[in-house]
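S.K.: Questions regarding the structure given below will be posed in turn.
Please treat every number below as a calculation from the coordinates, not as lab data. Bear in mind the structure is a predicted one, so any value in this text is a computation, not a measurement. We place every Cβ from the backbone using ideal geometry, glycine too, and count neighbours over all the protein chains shown.
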Amino acid sequence: GESVGLHLPTLSVQEGDNSIINCAYSNSASDYFIWYKQESGKGPQFIIDIRSNMDKRQGQRVTVLLNKTVKHLSLQIAATQPGDSAVYFCAEKLHTGRRALTFGSGTRLQVQP
Amino acid sequence: DVKVTQSSRYLVKRTGEKVFLECVQDMDHENMFWYRQDPGLGLRLIYFSYDVKMKEKGDIPEGYSVSREKKERFSLILESASTNQTSMYLCASSGPVSGNTIYFGEGSWLTVV
């Protein structure tokens, strides 16, 4: 069945370092992926997305990498800042079927000063 | 910017009460969603709607119903609240303007006592 999971529940990094958050998915029919950031007490906030016809997409300080061969997605944050501390979710959407996303359980990123 | 507004941030209700959670979006999105979020379980889809008066069950629809009488408004209804429905409820929307990206509201914290 379809599932979206994360390798690490908590990631702790030093301020200024680069962060890498990983995500595995099991459904090869998924064709769209999103990373969300959720700060305490708030709703998830869109960070970056990628379609299955791409393997890399860059935003401001963030890069998403997609490896369809091993069904793996990662979010790279450059020069991590204290404001990046949050829970990060990856989500996938199937090419066919319903229009909702399926989410993983999240990774908490802690930025140490 | 896309705005998804959930009318109540914090609610406390008694077991057996009927509960309405209201959500409004201002981007003329076709698709609207209700998720619940629980620690360790991530975001789980309750119901979604892809048009006025249309609805489709998500992964955990039991104990819930929804109403979409107007395009901008999507209501989640707990006919008879139970303690296991204590959770954070997240409304979201998406449409052609946003592509596949789903935008979330700030969440409604419901406690059933």
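S.K.: Using R₀ = 35 Å, calculate the FRET efficiency as 1/(1 + (r/R₀)^6) where r is the Cβ-Cβ separation of A:Thr69 and B:Met54; round to 0.05.
M.R.: E between A:Thr69 and B:Met54, to the nearest 0.05, is 0.40.
S.K.: Further question on the same structure: Count, for each residue of A:34-47, the Cβ atoms from other chains sitting within 10 Å of its Cβ, then give me the mean as a whole number.
M.R.: On the way: counts 3, 0, 4, 0, 5, 0, 0, 5, 4, 14, 10, 2, 6, 0.
Mean inter-chain Cβ contacts per residue within 10 Å come to 4.
S.K.: Residues with beta-carbon under 15 Å from that of B:Met88, excluding B:Met88: net charge, scoring Lys, Arg +1 and Asp, Glu -1?
M.R.: Residues close to B:Met88 contribute a combined charge of +2.
S.K.: Take every DSSP beta bridge with both residues inside chain B and express the antiparallel ones as a percent of the total, to the nearest 5.
M.R.: 90
S.K.: Provide B:Thr111, A:Thr80 in ascending order of the number of other Cβ atoms located within 10 Å of each residue's Cβ, fewest first.
M.R.: With the fewest neighbours first, B:Thr111, A:Thr80 line up as B:Thr111, A:Thr80.
S.K.: Taking the beta-carbon count within 10 Å as an exposure proxy, list A:Ser30, A:Ser12 from fewest neighbours to most.
M.R.: The most exposed by this proxy come first: A:Ser12, A:Ser30.
S.K.: A further question follows. Under the Karplus relation 6.51 cos²θ - 1.76 cosθ + 1.60, θ = phi - 60°, what is the ordered set of whole-Hz ³J(HN,Hα) values for the stretch A:36-53, x standing for Gly and Pro?
M.R.: 10, 10, 10, 8, 4, x, 10, x, x, 10, 4, 10, 7, 10, 8, 9, 5, 8
S.K.: Got a sec to turn the phi values of the stretch A:73-78 into Karplus ³J(HN,Hα) couplings, 6.51 cos²θ - 1.76 cosθ + 1.60 with θ = phi - 60°, whole Hz, x for Gly and Pro?
M.R.: 10, 9, 10, 10, 10, 8
S.K.: Across the stretch A:10-25, in residue order, what do the Karplus-derived ³J(HN,Hα) couplings come to in whole Hz, using 6.51 cos²θ - 1.76 cosθ + 1.60 with θ = phi - 60° and x for Gly and Pro?
M.R.: Those phi angles translate into 9, 10, 10, 9, 7, 4, x, 6, 8, 10, 10, 10, 10, 8, 10, 10 Hz.
S.K.: Can you pull the mean other chain C-beta count within 10 Å for peptide B:29-40?
M.R.: 2
S.K.: Something else now. Expected output is a single nm value to one decimal: the length gained when fully extending between B:Val12 and B:Ser65, i.e. 0.36 nm times separation in residues minus the C-alpha distance. What is it?
M.R.: The span from B:Val12 to B:Ser65 would gain 17.2 nm if fully extended.
S.K.: I want to check the label-to-label distance for A:Ser52 and A:Ala79. Put each point 7 Å from Cα in the C-beta direction and report it in nm to one decimal.
M.R.: It is 3.6 nm.
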